[in-house]
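These notes are about the structure you will find just below.
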Amino acid sequence: MGYGGFRGGVHPFRGKDITKEKAISEYLPQKELVYPLSQHIGAPAKAVVSAGDEVLAGQILGEAAGPVSANVISSVSGRVRVIERRMLATGVISDSVIVENDREYRLAPGIGKAREPKEMTKEEIRTAVKNAGIVGLGGAGFPTHVKLAPKDDDAIEYVIVNAVECEPYLTGDYRLMLEEAEGILAGLQVLLRLFEKAKGIIAIEADKPEAAKRMKAAVEEKGLGDSVEVCVLKTKYPQGAERNLIFSLTGRRLNSKKLPPDAGCIVSNASTVHAVGQAVCEGLPLMNRIITVTGNGIANPGNFRVKTGTNYGELIEAAGGFACRPEKVIAGGPMMGMALTVPDVPVTKTSSALLVFEKDPVAEVKPGSCIRCGRCVKACPCRLLPLKMWQACKHYNLELFQKLYGTECYECGSCTYVCPARLSLTQSFKQARMMVFDQKKQARSKTDGIQNQFQLQESAAPDGLR
Ligand code: SF4
Ligand code: SF4
């Protein structure tokens, strides 16, 4: 097994020094909480509460509706004020359950009850993960219980914990490894119970030697040296993209039509694995996210454990408020995140960071014309031809876009990052891909099963890219 790199990629400014020494601190929300019923890939959850209902922390607010969907869980106790449409940081509008927080954080019956995974069947483990509402916390939001149910458990050779966190500025997973390594290992051990023939791999980038040291020590302390390996990978963006990660670790290639199990792998982000451990061993559903709030426009950057549903505006206050009048606020990392125009949006399961910058580096940049320098081609980890795809997008030629394998693009942003003409390549590809998938969706029969949803997962976003 080689731990080499993948072709392409870029080396953006890391920006992690701002918060890498900031321990995770808990923030308790003061205002009402907003729980979108659609904060995962697949069908929106179906609300099982109504306005006026009293709810407890850990209680299901929305039930998974369909084979690819996820429960939505209340992270506080209080009262449902209303169910209405709200905007998410991604700009998506979703039906959402609005809960008035009583600030008592009373748990629902049975929540927080310890369990021994060794005494649970595989089915019970998968059910516990499903009930906990866990989705890929690396950004994709694909329901984890579906991911953990490949066709053949015995064909899985590697369970990979994606602890790469290659997006600049983000340090949440890094802090989790330093502070709660045992929790990540507990989750990995649960996964290895599902895939008994697999070896566990914890993948970490070389710029996080302390985290690698901590995870290696935890593996040794638990006596897992024979079944779990900590692998240190080259520091290069987007090392954490699922396809790149699998290639770097196993030499096996995937395209958007294939899934990690086709390469004998299950890949889960470090926070997701930690959440699996909490759900199965401690009976705790997914109620929190670790969010890095950072940038030169925020007064006290840090890492916060935040209840899902918390308003981003509160998070800004928790980090001391703005240090200036920021020109740019981004939900997520700078490579794949979304510019935030209003802070009045909720933290969801896939939230990871809030970046605040005094200056917007691209605000006054005027896009030029392609000078055919080829830098985008060199940077593309998917071996695509972004300059030609750009021409196809410019002429609204979706057929050509597909002929150029444009749907293989996973929107990593590397081509945009290196383009001297400042063309908004990734944004165009994102729109073109959405249009292609919309067209295909319309053409597909409604009886498409779970396999298509898996493909949607791969095409929608690379899990664990951060
Ligand atoms: S990097 Fe930009 S300018 Fe250079 S070839 Fe690609 S699209 Fe054209
Ligand atoms: S955004 Fe798409 S085309 Fe551009 S480098 Fe990434 S994968 Fe390649």
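The calculated FRET efficiency for Glu196 paired with Ser369, based on their beta-carbon distance and R0 = 41 Å, is about 0.15. Our estimate of slack between Glu116 and Leu224, defined as 0.36 nm per intervening residue step minus the Cα-Cα distance, is 37.1 nm.
Under Stokes-Einstein, with the Kirkwood radius over Cα pairs as Rh, the value for region 116-282 at 25 °C and 0.890 mPa s is 157 µm²/s. Okay, which of region 386-423 sit inside 16 Å, backbone N to the point 7 Å along the Cα-Cβ direction of Glu327? No residue qualifies, since no backbone N sits under 16 Å from the label point. Placing Leu315, Leu254 in order of accessible area, with the largest value first and a 1.4 Å probe, yields Leu254, Leu315. In summary, region 1-89 shows an alpha-carbon radius of gyration equal to 1.60 times the 2.2 N^0.38 Å reference for compact globular proteins. Based on the Stokes-Einstein relation at 10 °C and a viscosity of 1.306 mPa s, and on the Kirkwood radius from alpha carbon pairs, region 104-215 is assigned a translational diffusion coefficient of 101 µm²/s.
Shape of region 52-103 from its Cα gyration tensor (a ≥ b ≥ c, root eigenvalues): rounded if a/c is under 1.5, otherwise prolate when a/b > b/c, or oblate? The shape class here is oblate. If you take the Cα centroid of region 323-394 and the Cα centroid of region 200-260, the two points sit 26 Å apart. When all protein chains stay in place and ligands, DNA and RNA are ignored, the 1.4 Å accessible-area order of Asp53, Asp17, Asp152, Asp226, largest first, is Asp226, Asp17, Asp152, Asp53.
Between Lys151 and Ser424, residue separation times 0.36 nm minus the direct Cα-Cα distance comes to 94.3 nm. Accessible area per residue was computed with a 1.4 Å probe on protein heavy atoms; Arg103 scores about 130 Å².
Hey, can you find the accessible area per residue of the chain for me, probe 1.4 Å, expressed in square angstrom?
It amounts to 42 Å² per residue over the chain.
Remark on Ile202: its backbone amide H falls under 5 Å from those of Val161, Glu229, Val230, Cys231, a criterion applied only to residues 5 or more positions apart or on other chains, H modelled at 1.01 Å from N.
Relative protection proxy for 197-205, 18-26, from highest mean packing down: 197-205, 18-26 (other beta-carbon atoms within 10 angstrom).
DSSP finds beta bridges in the chain, and of those with both partners inside it, around 60 percent are antiparallel. At the residue level, Ser271 shows approximately 10 square angstrom of accessible surface with a 1.4 angstrom probe and all protein chains present.
Rounded, prolate or oblate, given the Cα gyration tensor of region 125-173, with a/c below 1.5 counting as rounded? Taking the square roots of the gyration eigenvalues as a ≥ b ≥ c, region 125-173 is oblate.
As a fraction of the 1.4 Å probe accessible area of the chain, surface on carbon and sulfur atoms comes out at 51 percent. Taking region 123-219 as the region of interest, the number of lysine pairs whose Cα atoms are within less than 27 Å, with members eight or more places apart or on different chains, is 15. What does the C-alpha gyration tensor say about the overall shape of region 107-147? Classify as rounded when a/c is under 1.5, otherwise prolate if a/b is larger than b/c, or oblate. Cα axes put region 107-147 in the oblate bin.
Computed with the Debye formula from one identical point scatterer per Cα of the chain, without solvent, the log10 of I(q)/I(0) at q = 0.06, 0.07 Å⁻¹ comes to -0.24, -0.33. Ellipticity at 222 nm from helices only: DSSP H runs of n ≥ 4 in the chain, each -39500 (n - 2.57), divided by the residue count, give -8000 deg cm²/dmol.
Amide H to amide H distances under 5 Å link Leu354 with Thr292, Val293, Thr294, Gly332, where only residues 5 or more positions off or on other chains count and H is placed in the peptide plane. Computed from backbone phi with θ = phi - 60° and the Karplus coefficients 6.51, -1.76 and 1.60, the 3J(HN,Hα) list for region 260-275 is x, x, 5, 9, x, 10, 10, 10, 9, 4, 4, 5, 5, 5, 4, 5 Hz; x is used for glycine and proline. Put a plus charge on the Cβ of each Lys and Arg, a minus charge on the Cβ of each Asp and Glu, and nothing anywhere else: the dipole of the chain about its Cα centre is then about 1720 debye.
Compute, for region 256-411, the length of the dipole vector about the Cα centre, with Cβ point charges of +1 (Lys, Arg) and -1 (Asp, Glu) only. Units Debye, rounded to 20.
Its charge dipole is roughly 700 debye.
Projecting the Cα atoms of Val76, Gly66, Thr144 onto the dipole axis of region 1-148, where Lys and Arg carry +1 and Asp and Glu carry -1 at the beta carbon, places Thr144 farthest toward the positive end.
In region 32-53, which residues have a backbone nitrogen under 11 Å from the label point lying 7 Å from Arg81's Cα in the Cα-to-Cβ direction? It comes to 32-34, nothing else.
The values are calculated or read from the model by the stated rules, or taken from the named source; none is laboratory data. Since we're looking at a predicted model, the values are computed, not measured. So basically every Cβ, Gly included, is an ideal-geometry build from the backbone, and we count neighbours across all protein chains shown. Accessible surface is based on the protein model in full, side chains and every heavy atom, while ligands, DNA and RNA are left aside. Shrake-Rupley method; radii C 1.70, N 1.55, O 1.52, S 1.80 Å.
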